[in-house]
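Okay, structure first, notes after.
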Amino acid sequence: MMSRRLIPASGKVRAGLIIVAFFLLLAAFGPMVAQHSPTASGPHLLQPPSAEHWMGTTQLGQDVFAQFAHGARISLAVGLIAAVVAKIISILVGVIGGYFRGLTDEALYILTAVFLVIPAMPLLIVLTGYLPSRGVESVAVVIAITSWAGSARVLRAQTLSLRRRDFVEAARATGESRWRIITSEIMPNELPLIASGFLFSVIAAILAEAGLSFLGLGSLTTTSWGSMLYFAQSSQAFLFGAWWWFVPPGLAIALIGAGLALINFGVDEYANPRLRTGKKRRDRSKGRRAQALTVAGSGLAAAETVPAGSGSAEEVAGASTSAGGRIGESALTDSGDDLDTAPAAIRHNPVAGEPVIEVRDLNVEYPTEHGVVHAVQDVSVTLHRGEILGLAGESGSGKSTLTNTITRLLRSPARVTGGSVLYHRHAGREPIDVLTLSAPALRAFRWAEISVVFQSAMNALNPVLTVYAQFDDVLRVHRPRMSARERMALARTMLEKVGIDPDRVRSYPHELSGGMKQRVAIAIALVLDPDIIIMDEPTTALDLLVQREVLDQIMSLRDEFGFAIIFTTHDLALLLEIADSVAVMRSGRLVEYGPALDVYRAPGHPYTRMLLQSLADLGAKL
Ligand SMILES: Nc1ncnc2c1ncn2[C@@H]1O[C@H](COP(=O)(O)OP(=O)(O)OP(=O)(O)O)[C@@H](O)[C@H]1O
């Protein structure tokens, strides 16, 4: 039985499909059922429709139906070939230029601009004049060459906007290659534009071919709807009242145009999962409390979820919260503002686990028109296995720049001017400097060793892919040998781990509540059992109750898996509650760093004191 999803809900789309299907059938079978050759002359000149000539005859006695059916084949072939070629060119130019930027983009954009300013029809006439032969393919290619630019410009603009979206950043963070990001993250979101552009190109190409033929520039040896119109006009069929000669091709072109336009109404319905009807599912797990972490069934799941860290998660977590004491001085110096009056409070990190990430004397800057922005200055922090490091600071203090440096997600014009980020994969072995990793090593490192949960899961999840497809993206890159069944089983297990009904694996992001989306993002971050998860304000967009549930979930997952977290937020009260150690940034510098309890009891820096005082003024209980 045909799936319900394949039957368009809209009557307009159905009408469009019927019209286009009719002409496709005519093109495919019409020439076979025609009883005459389209070019053979007969004794009956300019006869109206009859039993022998269903659509009458031309001035030379040729059968109009035979010409019409052969013409359908030629016109549709030109339309389809030209549209496919034009789309390929516009996707290559628009999407590649928009995604890669730089010189490639500039060169491609100049090319697009040149084709945009030259009027298409005169260019088409000139190019056709130079064609050695005017066969279907060559005419179609010339039409494509003159018509790709508008669509390329639209696709470039859309790509420029999409490449900055969180789900593309998330795909970069998972280690997906650029090509895969383009084909499986960006292009599915451009499908409505590509599809409607394609439909428009088909009708534009049919019209262009008809125009060329009408001007006598088409192939006069093959019969198209355009050449029928040309001969009808030059033989003055209109004057003779031979309507059966010119009405069918003219009407067919108009009807095909209308049919494609009607289909266009349905493009969104198919390309955008939000608009699909008839498949609403009940939000069965909405409001469901995170469950104790019972893993369903598969041995695979067990194998995939063994913590990578040294020692059990409980040991690490327990150790990480049991600490005290201050560390000696580090390379930190205070910024040159009023805060200089008090030196930064530098504390020993109390966590007993081995270091997993060591950031040493890191400096990152952005050269801008107005001078260089020193976004991170001389920052040194150490994250231990199983530790939750809370990173606080006002907007613009450099938190994202710091975490993006650790994950190597910095974008141009950012440049690291000093320092290192050392990753200790195995205790006692030489650490790896993340900043010097080659591109393939970096792709392998991302997500398998360090993953990211972005602030807004709605933006971090690709809106046109199901939950399973988003797990799949990660697993195909990092576990290429896993079978589809294993990938599905793992995705279901991970959903269950974060308290979501495993059947939700087939849902689209818009079918989930905000809290569920964030849990899905956490489950995807956990799927490769990384050592470190960067959480960029993962609960900010949620209401307080759901925020609390998600936080509890994160804490218990940390206890189970033993991963370390860098948790970024503006909310110091929250950090003091959940973090083992707290780092406060201001103007690119680390002004406070130490065990959460120490920071709360004895903040060393006036800025932290001010933050804590404002919390106390608000009546926060810690
Ligand atoms: N692409 C960029 N070009 C120029 N300057 C930038 C760029 N990105 C960030 N900056 C500057 O770097 C500094 C640190 O920014 P960053 O985004 O790291 O701060 P943040 O603490 O993460 O802020 P928020 O909490 O609002 O995300 C700011 O002064 C910001 O203006």
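Ranking request for peptides 75-81, 50-56: highest mean number of other beta-carbon atoms within 10 Å first, then the rest in descending order.
75-81, 50-56
Can you give the FRET efficiency for residue 177 and residue 92, using 1/(1 + (r/R0)^6), R0 = 22 Å, r = Cβ-Cβ distance, to the nearest 0.05?
The pair residue 177/residue 92 has a calculated efficiency of 0.80.
Give the shape of the range 443-566 as rounded, prolate or oblate, defined through the alpha-carbon gyration tensor: a ≥ b ≥ c are the square roots of its eigenvalues, a/c under 1.5 means rounded, and otherwise the shape is prolate if a/b is larger than b/c and oblate if not.
It comes out oblate by the Cα gyration axes.
Can you list the trypsin sites (Lys or Arg not before Pro) in the range 532-622 that are in a DSSP coil and have 15 or fewer other beta carbons within 10 angstrom?
The qualifying sites are 621.
Using R₀ = 41 Å, calculate the FRET efficiency as 1/(1 + (r/R₀)^6) where r is the Cβ-Cβ separation of residue 10 and residue 420; round to 0.05.
It comes to 0.10.
Suppose R0 equals 25 Å. What FRET efficiency, 1/(1 + (r/R0)^6) with r the Cβ-Cβ distance, do residue 444 and residue 483 give to the nearest 0.05?
0.75
For the range 74-275, what is the relative contact order in percent, using Cα pairs closer than 8 Å and at least 6 residues apart in sequence?
So the answer I get is 27 percent.
7 Å from Cα along Cα→Cβ at both residue 265 and residue 154: what's the point-to-point distance in nm?
The modelled label-to-label distance comes out at 1.9 nm.
Once label points are set 7 Å from the Cα along Cα→Cβ at both residue 114 and residue 33, what is their separation, rounded to one decimal in nm?
4.9 nm
Taking θ = phi - 60°, what integer Hz values does the Karplus form 6.51 cos²θ - 1.76 cosθ + 1.60 yield along the range 467-474, in sequence order, with x for Gly and Pro?
4, 4, 4, 6, 5, 4, 3, 5
In nm, to one decimal, how far is the residue 51 label point from the residue 255 one, both placed 7 Å along Cα→Cβ?
So the two model labels end up 2.5 nm from each other.
We did not get these values from a lab; they are worked out from the coordinates using the rules stated. All values reported here derive from a predicted model rather than from experimental measurement. Neighbour counts run over all protein chains shown; Cβ positions are idealised from the backbone, glycine included.
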